[in-house]
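The values are calculated or read from the model by the stated rules, or taken from the named source; none is laboratory data. Because the structure is predicted, anything quoted here is derived from the model rather than measured. All Cβ positions, even for glycine, are placed from backbone atoms using ideal geometry, and neighbour counts span all protein chains on display.
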């Protein structure tokens, strides 16, 4: 359950080894009065106010950056957005999207802050991210999605994709629905989240080679409405702590019926 992933180590999977280097970022630089769109082809995204951000290469958010995006953040096919290796403050006015083969990493906090296993910032282990998305997060056929300790005022929808990179949906506050479906990946966990509406997990196949790997971890989530799980192989797990169940406002069904 205590899986960890650092984009600094594996960003080369999609970017030919350009991992968190201070490469060039191509941008129409914003002004205080009129934010402009920002396009990152590789390297650091620094503090600023932007109309939108488009990521087309291996990009990372600068440590302790403060970023405001009026519109959307879009991660293109095969691109990397690493906002989970260093703490930052990011506010997205609308939506975040990730395309085929992308890696989307948002958020990091130490265990001392979360009260559980947490997801430490690699570059500042005691640092705390504050990331808010005012719309939806929609990621399709990505290599990996890592959402750790962020706030989403809309829905989170993760469809398809997978790799040897562990997928982590952990310590988040999601006002809408969480839908995860169609992944064929090494590991996936939905842990310690507060979700306002429904959680639906379907057709997820894990390839974890560790002996006795139980399947998809669904651990200590607070869910306002329903929890439904179907087609998860090799199975599901509520973790290792007796009595540490998910709290569901309405019904838990399918493979998750026993995890409350």
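Can you name the residue in region 67-124 that is touching a helix residue (DSSP H, G or I) at 6+ places or on another chain (Cβ under 8 Å) and in a strand (DSSP E or B) and, of all such residues, is surrounded by the most Cβ atoms within 10 Å (Cβ to Cβ)?
Filtering first and then ranking leaves 80.
Can residue 68 be described as more than 20 Å from residue 176 (Cβ to Cβ) and at pLDDT below 95?
No, not satisfied.
Can you find, within region 206-238, the residue that is surrounded by the fewest Cβ atoms within 10 Å (Cβ to Cβ) among those that are outside any loop (DSSP other than H, G, I, E, B) and in contact (Cβ under 8 Å) with a residue 40 or more places away in the chain?
237
I'd like the full set of residues that are in a strand (DSSP E or B) and either touching a helix residue (DSSP H, G or I) at 6+ places or on another chain (Cβ under 6 Å) or more than 24 Å from residue 110 (Cβ to Cβ) (or both), limited to region 148-177.
Result: 157, 158, 159.
Among the numbered criteria (1) at pLDDT 95 or above; (2) within 26 Å of residue 113 (Cβ to Cβ); (3) crowded, with 17+ Cβ neighbours inside 10 Å; (4) within 21 Å of the chain's Cα centre (by Cα), which single criterion is violated by residue 248?
Just one mismatch for residue 248, condition (4).
Here is a list of conditions, (1) closer than 22 Å to residue 115 by Cβ; (2) surrounded by 20 or more Cβ atoms within 10 Å (Cβ to Cβ), and residue 255 meets all of them except one; can you say which number that is?
(1)
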